[in-house]
């Protein structure tokens, strides 16, 4: 049985889709069988970021409504064999996303893949709550700024109350992915510090992705950053995040600070 | 002339009501009630009474008749619990819900009025029924309270082992203790308890209030920000001070 991961944030534009694609690709590059599911019905982007926009025939809503089989809607990545995409519908209404339909699709994907990554839309409405509903693990994407942190806090509250795991009395595993981190701006005090964000959200840190032109360039090329340039700083940060996601105890380094500086950042984890 | 508008204070208050559970047929039940009332005149006097009709197979006319029968016995019904909306008219007592159980009322003993007094004089007063001392309710939360969450606990004190996020809200009948940073709103003593206090390890609150008197972040003294702080009520003024 595969693991279902929801990538969510509350606020828009923080890097959910970029991170879903990068994490999915990084897992697949390690040989795992991965499907990335776009839940943003009406505003789909994941197909563009993954460079599959010309190959979309059927989508998630078609599958839910029984107009297409799951295997017909899945798009295999051209670069990594074990990476698949289930695109969202751009033309349908999000009302077509029914809880029963989503449950069926997720159950089928869990059987066939090691990892099911659900790219959540922004907001706290239907699409977002359905994307998180069946998750085993949540990755909360946050930028180091107050509005993003507050929205993430709201989302964490929903993860602890509105998901199947929470309703059955279990604890949802939650990780923080801090994106668009700019060491220079953090130095000047224009951004929240890593420790401040961790103190407010109090969930373990999965990784810090530096703000980088590489990310934008990769998106425009239609390639997850981990595939476009494996050696770039953001790609390395995503690869490290994936190792932590798989349970490895890898210390998190803050970009711009010296790695392993007196082991200061070893075990940087909030309760 | 417009002066500074006085904010309206909205306060909750809870009263203990006597709950009556009528049984069918009402004639027999009312006869039992008459018997009880005869033993102790004025048992129902000045006591708010709530009628619990949950599970009774009656119609609107039956219920109206019952309320009238009770009225004629000086039993004033302040509300009706467990009734379908179709049973209640605009001239009837309002529907009530979310009742919480409390200790039972002691029905008057037979012949309590007269002969019992002599016995009571012979017995030591202490042995007469110790007053039930009920511990004050408290709620302990060991997780952070997230933005958008609202914790409502009118029964007593709330203790949070963790932080209260910006956009979260704690409402307590008693005091509020936050062993973490208070960034959201904390409202203590909401049921009219002016003795309640608010304690936090780090004050970054958006609003604090005790018994309806409040301070917003702007009104708080700037040097209290980020410090361990307590807040209490002195007369009609909400006071704040550094802890420890």
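The values are calculated or read from the model by the stated rules, or taken from the named source; none is laboratory data. Source: prediction; values computed, not measured. For neighbour counting, all protein chains shown are included, and Cβ atoms are generated from backbone atoms with ideal geometry for every residue, glycine included.
Some values worked out for this structure:
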quantity: Residue that is farthest from the chain's Cα centre (by Cα), among those in the range B:178-195 that are more than 14 Å from chain A (Cβ to nearest Cβ) and buried (at least 24 other Cβ atoms within 10 Å of the Cβ); calculated: B:186
quantity: Given (1) touching a strand residue (DSSP E or B) at 6+ places or on another chain (Cβ under 9 Å); (2) farther than 19 Å from residue A:155 by Cβ; (3) modelled with pLDDT of 90 or more, index of the condition residue A:205 fails; calculated: (2)
quantity: Residue within the range A:49-67 that is under 18 Å from the mean Cα position of the chain (by Cα), farther than 18 Å from residue A:126 by Cβ and in a helix (DSSP H, G or I) present; calculated: yes
quantity: Which numbered condition residue A:37 misses (of (1) under 23 Å from residue A:214 (Cβ atoms); (2) crowded, with 22+ Cβ neighbours inside 10 Å); calculated: (1)
quantity: Single residue of the range A:164-190 satisfying the filter (within 14 Å of chain B (Cβ to nearest Cβ) and in contact (Cβ under 8 Å) with a residue 24 or more places away in the chain) that is surrounded by the most Cβ atoms within 10 Å (Cβ to Cβ); calculated: A:176
quantity: Scope the range A:191-206; condition assigned to a loop (DSSP other than H, G, I, E, B), without any contact (Cβ under 8 Å) to a residue 60 or more places away in the chain and within 14 Å of another protein chain (Cβ to nearest Cβ); matching residues; calculated: A:192
quantity: Qualifying residues in the range B:137-150 (those that are surrounded by 19 or more Cβ atoms within 10 Å (Cβ to Cβ) and touching a residue at least 24 places away in the same chain (Cβ under 8 Å)) - the one farthest from the other protein chains (Cβ to nearest Cβ); calculated: B:145
quantity: Restricting the range B:1-30 to residues that are surrounded by 10 or more Cβ atoms within 10 Å (Cβ to Cβ) and not in a loop (DSSP other than H, G, I, E, B), the residue that is modelled with the lowest pLDDT; calculated: B:18
quantity: Evaluation of residue B:133 against (1) within 14 Å of chain A (Cβ to nearest Cβ); (2) at pLDDT below 95 (one fails), failing number; calculated: (1)
quantity: Any hit, the range B:213-227, residues being surrounded by 15 or more Cβ atoms within 10 Å (Cβ to Cβ), touching a helix residue (DSSP H, G or I) at 6+ places or on another chain (Cβ under 7 Å) and under 18 Å from residue B:160 (Cα atoms); calculated: no
quantity: Residues of the range A:137-158 satisfying the condition of being buried (at least 22 other Cβ atoms within 10 Å of the Cβ), part of a helix (DSSP H, G or I) and more than 9 Å from chain B (Cβ to nearest Cβ); calculated: A:148
quantity: Matching residues in the range A:90-121 - criterion: being in contact with a helix residue (DSSP H, G or I) (Cβ under 7 Å, 6 or more places away or on another chain) and in contact (Cβ under 8 Å) with a residue 40 or more places away in the chain; calculated: A:92, A:94, A:96, A:97, A:105, A:115, A:116, A:117, A:118, A:119, A:120, A:121
